[in-house]
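The block underneath contains the structure these notes are about, expressed in structure tokens.
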Amino acid sequence: MEQVDTLVIGAGVIGLAIAARLSKHSEVVLVEQGHHFGEHTSSRNSEVIHAGIYYPSDSIKARTCVEGKAQLYTHCTEFSVPFARIGKVITAQNTQEEEKLASLLQQAQNNGVDDLCWLSKEQLVQKAPQINAIAGLYSPSTGIVDSHQFMLSLLGQLESHQGQYVSRTQFVGAVPTANSFAVKLDCDGTPFELRCRHLVNAGGLFAQHNATLIEGLQPIHVPAIHYCRGQYFSYQGSHPFKHLIYPVPEQHGLGIHATLDLAGQLRFGPDTQFIDELNYETDGTALEAFYQAIKRYWPNVDKRRLQLDYAGIRPKTQRQGQQDFQIEGKSIHGLAGLVNLFGIESPGLTASLAIAKAVEAQLVAEHK
Ligand SMILES: Cc1cc2nc3c(=O)[nH]c(=O)nc-3n(C[C@H](O)[C@H](O)[C@H](O)COP(=O)(O)OP(=O)(O)OC[C@H]3O[C@@H](n4cnc5c(N)ncnc54)[C@H](O)[C@@H]3O)c2cc1C
């Protein structure tokens, strides 16, 4: 049976970042069930490099977002991945929302994000013409990135370290043996087995299902999965935006915000809706809700220019309240060499390089 140091399940941005990092010092195989890498959540998001403002102090999200943002900007420069540090404005429409902005400012400072600027109504007019708000917060370290090129650069890193990436190959089971796992793969219809010392489950929306295929992993260590769809509308034609524009955040997402891609195309979204099955179908009836949400901060929006675009799905582990990233190694579930990643929703793209570092640290710690 072929033997490798590490098998990483799933070539989204998280699996790619982990495989690229681990391959610097060990032999890594990265398997992807689809035809191409990054076909799920990693190519169905806002492509925003988040500053780290919103997340509770001491959460894994806060730590990996702030650390990952710095690493991502450095990586993009080093590997010529297109990005732009265009900044974002979070807007308040009334005094209640202004209070929320003040608490966001405090939360950001607690998270080590100390470059936010408070914008008065007059300053807002300069920063974001046509935006209707009584106050705002400006985040200069927020940016946008070409997520496909970013993933391609990680794949390049993996391959330059002699790591292997295999598409159309599905993880279908693992049995822990002394110091390793006997792993079963389905390579485009052909069964294949290999042995690995480390097994990293970066399956995104499928991570919980993958975890149930690992013998010896107690069900208590497999959290629930709830699919929370977020859809986008693109905006045809010209617009006045130079920065990303956000409302104050809502319960399950950051609110229907205005993002730009690197070509200057304006998009709005994502909304939030829990769905029962994993599918990326979009729903045009959301147009009116989008229009009303955008009109609050951009009264001049022309409804006829909003066009239904794509949808992404958040891997929620709970339906209520704040959830954190779960990066679970032996200290949590007791199986040496296994790391499961659950609930890697936003800001996972931003945090990916820091998450990879955290996975490596967990595996290294096991050998001490
Ligand atoms: C609507 C939306 C907007 C977002 N916006 C942002 C943003 O602006 N900024 C930001 O930082 N983050 C954002 N995020 C979060 C970010 O996109 C995700 O955190 C990140 O893409 C998750 O990557 P992943 O690799 O965990 O998952 P995925 O990209 O889903 O990759 C998992 C991969 O594993 C493969 N796989 C699963 N099981 C198996 C198996 N058994 N065998 C082989 N392969 C398998 C799948 O096919 C898939 O390719 C957003 C998320 C959503 C949903």
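Here the label points at GLN93 and LEU262, each 7 Å from Cα along the C-beta direction, are separated by 3.4 nm in the simple model.
With R₀ set to 22 Å, the beta-carbon distance separating ASP324 from GLU193 gives a calculated FRET efficiency near 0.05.
Once you've got the GNM for the chain with C-alpha springs shorter than 10 Å, pick whichever of ALA289, ALA108, ALA11 has the biggest mean-square fluctuation. Evaluated over the chain, the most mobile residue of the options is ALA289.
For LEU16, neighbours were defined as the other residues whose beta-carbon sits under 13 Å from its Cβ, and their charges (Lys and Arg +1, Asp and Glu -1) total -2.
Accessible surface computed residue by residue for the range 286-368, with neighbouring protein chains in place and a 1.4 Å probe, gives 42 Å² per residue. Annotation: lysines with alpha-carbon distance below 18 angstrom to LYS61 (same-chain offsets under eight excluded): LYS69, LYS316, LYS357.
Surface composition of the range 257-354: carbon and sulfur atoms hold 45% of the protein heavy-atom accessible area at a 1.4 Å probe.
Each residue of the range 145-150 is assigned a 3J(HN,Hα), and the resulting list reads 9, 7, 5, 5, 5, 4 Hz, derived from the Karplus form 6.51 cos²θ - 1.76 cosθ + 1.60 (θ = phi - 60°), x at Gly and Pro. Surface calculation, 1.4 Å probe, protein heavy atoms: HIS367 sits at approximately 110 Å² accessible. Across the range 86-148, C-alpha contacts under 8 Å between residues 6 or more apart give a mean separation that, scaled by the residue count, equals a relative contact order of 51 percent. Taking the chain as a Gaussian network of alpha-carbon nodes connected by springs under 10 Å, the highest mean-square fluctuation of the residues ALA17, ALA263, ALA336 belongs to ALA263. Kindly state, to the nearest 0.05, the FRET efficiency for VAL172 paired with LEU278, given R0 = 25 Å and r defined as their beta-carbon distance. The formula returns an efficiency of 0.90 here. Normalising the average separation of contacting C-alpha pairs (under 8 angstrom, six or more residues apart) by the number of residues puts the relative contact order of the chain at 24 percent.
Per the Debye calculation on the range 219-368 with a single equal scatterer at every Cα and no solvent contribution, log₁₀ I(q)/I(0) for q = 0.14 Å⁻¹ amounts to -0.78.
The stretch between SER331 and GLN251, if pulled fully straight at 0.36 nm per residue, gains 25.7 nm over its current Cα-Cα span. Heavy-atom accessible surface of the range 101-197, averaged per residue, reaches 47 Å², computed with a 1.4 Å probe.
Its DSSP H runs of at least 4 residues, each contributing -39,500 (n - 2.57), put the calculated 222 nm mean residue ellipticity of the chain at -9000 deg cm²/dmol, to the nearest 500. Express in whole angstrom the spacing between the alpha-carbon centres of the range 304-321 and the range 1-75. The range 304-321 and the range 1-75 have Cα centres separated by 21 Å. I need the shape label for the range 1-133. Rule: rounded when a/c is under 1.5, else prolate if a/b > b/c, else oblate, with a, b, c from the alpha carbon gyration tensor. Here the range 1-133 falls in the prolate category.
Among the protein heavy atoms, those of CYS65 account for about 0 Å² of accessible surface (1.4 Å probe, every chain in place). Rolling a 1.4 Å probe across all protein chains gives ASP188 an accessible area of roughly 100 Å². If you plug the beta carbon distance of GLU159 and GLN3 into 1/(1 + (r/R0)^6) with R0 = 22 Å, you get a FRET efficiency near 0.65.
Full extension of the chain segment joining ARG85 with ARG304 gains 75.8 nm, where the gain is 0.36 nm per residue of separation less the Cα-Cα distance. Are there trypsin sites (Lys or Arg not before Pro) in the range 207-297 that DSSP puts in a loop and that have at most 15 other Cβ atoms within 10 Å, and which ones? When the trypsin sites (Lys or Arg not before Pro) of the range 207-297 are filtered for loop state and at most 15 Cβ neighbours within 10 Å, LYS242 remain.
Peptides 78-86, 305-313 ranked from most to least packed, by the mean per-residue count of other Cβ atoms within 10 Å: 305-313, 78-86. Expressed as a whole percent, the accessible surface of the range 136-225 that belongs to carbon and sulfur atoms is 53, based on a 1.4 Å probe.
What does DSSP give for the range 1-150 in terms of the percent of beta bridges that are antiparallel, rounded to the nearest 5? The antiparallel fraction comes to roughly 75 percent. Taking a ≥ b ≥ c as the square roots of the eigenvalues of the alpha carbon gyration tensor, the range 77-130 is oblate, as a/c is not under 1.5 and a/b does not beat b/c.
Once the Cα atoms are used to define both axes, helix 287-297 deviates from the longest principal axis of the chain by about 60 degrees.
When DSSP beta bridges are restricted to pairs lying wholly in the chain, around 70% turn out antiparallel. With an a/c value of 1.5 or above and a/b larger than b/c for the gyration tensor axes a ≥ b ≥ c computed over the alpha-carbon atoms, the chain is described as prolate. Could you let me know the centre-to-centre spacing of the range 210-264 and the range 333-360, using Cα atoms, in angstrom? What the calculation gives is 17 Å, centre to centre.
The values are calculated or read from the model by the stated rules, or taken from the named source; none is laboratory data. Everything numeric in this text was worked out from a predicted model, so none of it was measured. For neighbour counting, all protein chains shown are included, and Cβ atoms are generated from backbone atoms with ideal geometry for every residue, glycine included. Calculation scope for accessible area: heavy atoms of the full protein, side chains included, ligands and nucleic acids excluded. Shrake-Rupley method; radii C 1.70, N 1.55, O 1.52, S 1.80 Å.
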